[in-house]
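*Asks:* Handing you a structure now.
The values are calculated or read from the model by the stated rules, or taken from the named source; none is laboratory data. Please read these numbers as outputs of a predicted model, since none were measured by experiment. Don't worry about glycine lacking a Cβ; one is built from the backbone with ideal geometry, like all the others, and counts go over all protein chains shown.
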2 protein chains.
Amino acid sequence: MKFIIKRDRLVQAVNEVSRAISSRTTIPILTGIKITVNDEGVTLTGSDSDISIEAFIPLIDNDEVIVEVESFGGIVLQARYFGDIVRRLPDENVELEVVSSYQTNIRSGQASFTLNGLDPLEYPKLPEVTDGKKIILPINVLKNIIRQTVFAVSAIEVRPVLTGVNWLIKENLLTAVATDSHRLALREIPLETSLEEDYNVVIPGKSLSELNKILDDASESIEMVIANNQILFKLKDLLFYSRLLEGSYPDTSRLIPTDIKSELVINSKSFLQAIDRASLLARENRNNVIKLSTLESGQVEVSSNSPEIGNVSERVFSQQFSGEELKISFNGKYMMDALRAFEGDDIVISFAGTMRPFVIRPKDATNPNEILQLITPVRTY
Amino acid sequence: MKFIIKRDRLVQAVNEVSRAISSRTTIPILTGIKITVNDEGVTLTGSDSDISIEAFIPLIDNDEVIVEVESFGGIVLQARYFGDIVRRLPDENVELEVVSSYQTNIRSGQASFTLNGLDPLEYPKLPEVTDGKKIILPINVLKNIIRQTVFAVSAIEVRPVLTGVNWLIKENLLTAVATDSHRLALREIPLETSLEEDYNVVIPGKSLSELNKILDDASESIEMVIANNQILFKLKDLLFYSRLLEGSYPDTSRLIPTDIKSELVINSKSFLQAIDRASLLARENRNNVIKLSTLESGQVEVSSNSPEIGNVSERVFSQQFSGEELKISFNGKYMMDALRAFEGDDIVISFAGTMRPFVIRPKDATNPNEILQLITPVRTY
């Protein structure tokens, strides 16, 4: 293998595939980046066996020569060293050459590195994901779906399926649900592509978080293909594979209360700021408990008390309150996570009583499942 | 105590004094910020007993009312909570009021906090530093002196005096020296103020690093007063006290070699970049060993070898090399620290042989002690 490549393109690809690489892997070769070159271009691969990322650099892009190939081949180089090296190389071009027994020369300007590599044939094969029908979504929509649900997955592995986000695709409607059994985040969106098949998969929360970091806030579209136990996200020159979680996701629809006793209309941004302030003292307690009380004036009072440190209370103007007066306590962190999903818009919080889960939706939602955040209260009264 | 204050001024002062506060203090009251108000303004104090910082907020500044005082007094509030709270308050004004038994109300907009405080009379007194003669330095000069020496202090407490920077003031010349016994950094600068007295003090490296973070890159001047076991740095509305280290600082002048055998003139920036690249592999080894060899072409070769990982070599153009040919090894991190002191300028490296310390100075220095960096080589040949 021998080729010359533009340094900035190599750096970009190394940064992208490095997101999949974990230093804590039990498979030593997966601490490396696989580099292969053929008559189409250079391909870099990184994987932790749950997530695999493949970045492609074409020989020519926009009439500019990106890669000059002298001989085809491949190598696996330690991600940690290779990444640090290419980021610091002095010249705009980099030459990579496998010399003998996987020793690889990296030359740029006056600098010359030799790294001990590994046999690329030993690198695990990427999953084959070719069967499924393509689903197409604008990137910014996908990023929103991820952001509005992924924080609610379970952080503990007791029920592994809850560490993922359930994607249910049925009659051209995508429903994404995440719950850790104390709170639930749900987002529903119609798909533009017409799909004959239904899908019901659980994508690891960690995969979606990493994917979200790679994606630019672009209006271009991303292609997704769902296969047996894998989902593939396809961008121009980038493939992102994630393992799917096994096991059936619980039916969460019956958790959502329908017998609403009070409703509060409020701005999510000003409410979030008040909760954030109240959490400053509440975070010292188990559960980060914050109390919400309705006042006669149409205001609501947010408060928290930590006997050792002090207490805080704040009145927040609501746009409307109807139904039974209310005193309810909840985890301040859960509330902040949920409120951030509404990006400052006005919201309706529907309460079914002090001890029943309550639900937050956009004020002007036409579909009650467009964005739905559910939180189970904490017993304090 | 009761007053109303502009939030942004309070936040700034809290941020400044918080730099002195350590959560690991053994004196509980020092986890707090002391706040006092009198007819001149509000004073905030933070301290870890080595460093103490006092920030003053005047009642009126630039014809703007900053503080409205209702009653004088003081309180000590937990730095951690008080800081987080004032940074997040909703309104541009904040009201502070000590209610009873050190309970303090903090009100801003609709938000109202109560924090449990402590008796300000229990807070340790700041050192009295009034005797000494004032030394005046432009802030950017002081920042340079700190930056060019403080990294070379010893990180280990075996010889406590080496964890500080020695400031020697004699005949209106300030000489700052730091050494960890493997390397040495020295900076000499004439003072504009005429001082009758000589001073020989050791300032803790940590104090100087913290001071450097507080100082803006301003061209204004800073006043310094040296007393018995304290140094005081005085800015407009800010006092920074540091304890001085006890014990006499070793005489380092005899460490600097005078029998030079070879001299290398090179640009510090391009040399630093080459060392940085070579360190990518060297950092895995004990001592981060990098080799420098002179070549016949007038170039020098920087190289490093880590058998497990690989090796690196790079030729760097020198502007001039004179004297004996040379192969020498040194700690790459020490070399990078030293080179950064020259801020990209051309330098002269003077070698006294493979096993003797070598010295780096600016190429165009008129005073040989203007900036001097000394490094002891590592034995590898």
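*Asks:* Residue check: is A:Ile328 part of a loop (DSSP other than H, G, I, E, B), over 24 Å from B:Gln103 (Cα atoms) and either away from every other protein chain (no Cβ under 14 Å) or in contact with a His (Cβ under 6 Å, 6 or more places away or on another chain) (or both)? Outline the logic, then answer.
*Replies:* Numbers: part of a loop (DSSP other than H, G, I, E, B): no; over 24 Å from B:Gln103 (Cα atoms): yes; either away from every other protein chain (no Cβ under 14 Å) or in contact with a His (Cβ under 6 Å, 6 or more places away or on another chain) (or both): yes.
No.
*Asks:* Here are some conditions: (1) within 21 Å of B:Thr252 (Cα to Cα); (2) in contact with a strand residue (DSSP E or B) (Cβ under 6 Å, 6 or more places away or on another chain); (3) assigned by the TED database to the domain that holds B:Ser268; (4) not in a strand (DSSP E or B). B:Val378 meets all but one. Which one does it not meet?
*Replies:* (3)
*Asks:* Output the residue which, of all residues in the stretch B:292-325 that are among the polar types (S, T, N, Q), part of a strand (DSSP E or B) and out of contact with any Asp or Glu (no Cβ under 7 Å at 6 or more places or on another chain), is surrounded by the most Cβ atoms within 10 Å (Cβ to Cβ).
*Replies:* So in the stretch B:292-325, the residues among the polar types (S, T, N, Q) come out as B:293-294, B:297, B:299, B:303-306, B:311, B:313, B:318-320, B:322.
With the extra rule that they be part of a strand (DSSP E or B), the set shrinks to B:293-294, B:299, B:303-306, B:311, B:313, B:320, B:322.
Those left that are additionally out of contact with any Asp or Glu (no Cβ under 7 Å at 6 or more places or on another chain): B:299, B:303-305, B:311, B:320.
Numbers: B:Gln299: 15, B:Ser303: 19, B:Ser304: 27, B:Asn305: 18, B:Asn311: 18, B:Gln320: 12.
If we take residues in the stretch B:292-325 being among the polar types (S, T, N, Q), part of a strand (DSSP E or B) and out of contact with any Asp or Glu (no Cβ under 7 Å at 6 or more places or on another chain), then B:Ser304 is surrounded by the most Cβ atoms within 10 Å (Cβ to Cβ).
*Asks:* I would also like to ask the following. State which residue is nearest to A:Ala20 (Cα to Cα) when the search covers only the stretch A:74-114 and only residues that are at the interface with another protein chain (Cβ under 10 Å from one of its Cβ atoms) and of a type in the set (A, V, I, L, M).
*Replies:* The extreme case among them is A:Leu77.
*Asks:* Of the residues A:Gly205, A:Gly117, which is small (Gly, Ala, Ser), touching a Ser or Thr at 6+ places or on another chain (Cβ under 7 Å), within 14 Å of chain B (Cβ to nearest Cβ) and touching a residue at least 24 places away in the same chain (Cβ under 8 Å)?
*Replies:* Details: A:Gly205 fails: within 14 Å of chain B (Cβ to nearest Cβ).
Exactly one residue qualifies, and that residue is A:Gly117.
*Asks:* Would you say B:Ser194 is in a loop (DSSP other than H, G, I, E, B), crowded, with 17+ Cβ neighbours inside 10 Å and not assigned by the TED database to the domain that holds B:Ala338?
*Replies:* Numbers: in a loop (DSSP other than H, G, I, E, B): yes; crowded, with 17+ Cβ neighbours inside 10 Å: no; not assigned by the TED database to the domain that holds B:Ala338: yes.
Judged against the criteria, B:Ser194 is not a match.
*Asks:* If you don't mind, another one. Working carefully through the options B:Ala274, B:Ala278, find the one that is under 20 Å from B:Pro362 (Cα atoms), in the same structural domain as B:Gly353 (by the TED database) and assigned to a helix (DSSP H, G or I). Before you say what the answer is, go through the steps one by one.
*Replies:* Numbers: B:Ala278 fails: under 20 Å from B:Pro362 (Cα atoms).
So the residue among B:Ala274, B:Ala278 that is under 20 Å from B:Pro362 (Cα atoms), in the same structural domain as B:Gly353 (by the TED database) and assigned to a helix (DSSP H, G or I) is B:Ala274.
*Asks:* Also, quick follow-up: Between A:Glu70, A:Glu16, which is surrounded by 17 or more Cβ atoms within 10 Å (Cβ to Cβ), in contact (Cβ under 8 Å) with a residue 12 or more places away in the chain and not in a loop (DSSP other than H, G, I, E, B)? Don't jump to the end; show me each part of the working.
*Replies:* Details: A:Glu70 fails: surrounded by 17 or more Cβ atoms within 10 Å (Cβ to Cβ).
Result: A:Glu16 is the single residue among A:Glu70, A:Glu16 that is surrounded by 17 or more Cβ atoms within 10 Å (Cβ to Cβ), in contact (Cβ under 8 Å) with a residue 12 or more places away in the chain and not in a loop (DSSP other than H, G, I, E, B).
*Asks:* Tell me the residue from B:Ile222, B:Ile275, B:Ile266 that is among the aliphatic types (A, V, I, L, M), within 28 Å of B:Asn140 (Cα to Cα), surrounded by 21 or more Cβ atoms within 10 Å (Cβ to Cβ) and out of contact with any helix residue (DSSP H, G or I) (no Cβ under 8 Å at 6 or more places or on another chain), please. Break it down stepwise before answering.
*Replies:* On the way: B:Ile222 fails: out of contact with any helix residue (DSSP H, G or I) (no Cβ under 8 Å at 6 or more places or on another chain); B:Ile275 fails: out of contact with any helix residue (DSSP H, G or I) (no Cβ under 8 Å at 6 or more places or on another chain).
It is B:Ile266.
*Asks:* Quick test for you: out of B:Arg243, B:Arg254, pick the one residue that is away from chain A (no Cβ under 14 Å), touching a helix residue (DSSP H, G or I) at 6+ places or on another chain (Cβ under 8 Å), farther than 24 Å from B:Thr380 by Cβ and not aliphatic (A, V, I, L, M).
*Replies:* Details: B:Arg254 fails: touching a helix residue (DSSP H, G or I) at 6+ places or on another chain (Cβ under 8 Å).
Unique residue meeting the criteria: B:Arg243.
*Asks:* Within the stretch A:121-139, work out how many residues are in contact with a helix residue (DSSP H, G or I) (Cβ under 9 Å, 6 or more places away or on another chain) and either under 30 Å from B:Glu308 (Cα atoms) or surrounded by fewer than 17 Cβ atoms within 10 Å (Cβ to Cβ) (or both). Spell out the reasoning first.
*Replies:* Initial filter on the stretch A:121-139 (in contact with a helix residue (DSSP H, G or I) (Cβ under 9 Å, 6 or more places away or on another chain)): A:122-124, A:137.
Still in the list and also either under 30 Å from B:Glu308 (Cα atoms) or surrounded by fewer than 17 Cβ atoms within 10 Å (Cβ to Cβ) (or both): A:122-124.
Residues in the stretch A:121-139 being in contact with a helix residue (DSSP H, G or I) (Cβ under 9 Å, 6 or more places away or on another chain) and either under 30 Å from B:Glu308 (Cα atoms) or surrounded by fewer than 17 Cβ atoms within 10 Å (Cβ to Cβ) (or both): 3 in total.
*Asks:* Filter the stretch A:294-312 down to the residues that are free of Cβ contacts under 8 Å to residues at least 24 places away in the same chain and within 14 Å of chain B (Cβ to nearest Cβ) and list them by number. Can you show your working first?
*Replies:* Step one: of the stretch A:294-312, the residues free of Cβ contacts under 8 Å to residues at least 24 places away in the same chain are A:295-299, A:301, A:307.
Scanning the stretch A:294-312 gives A:Leu295, A:Ser297, A:Gly298, A:Gln299, A:Glu301, A:Pro307.
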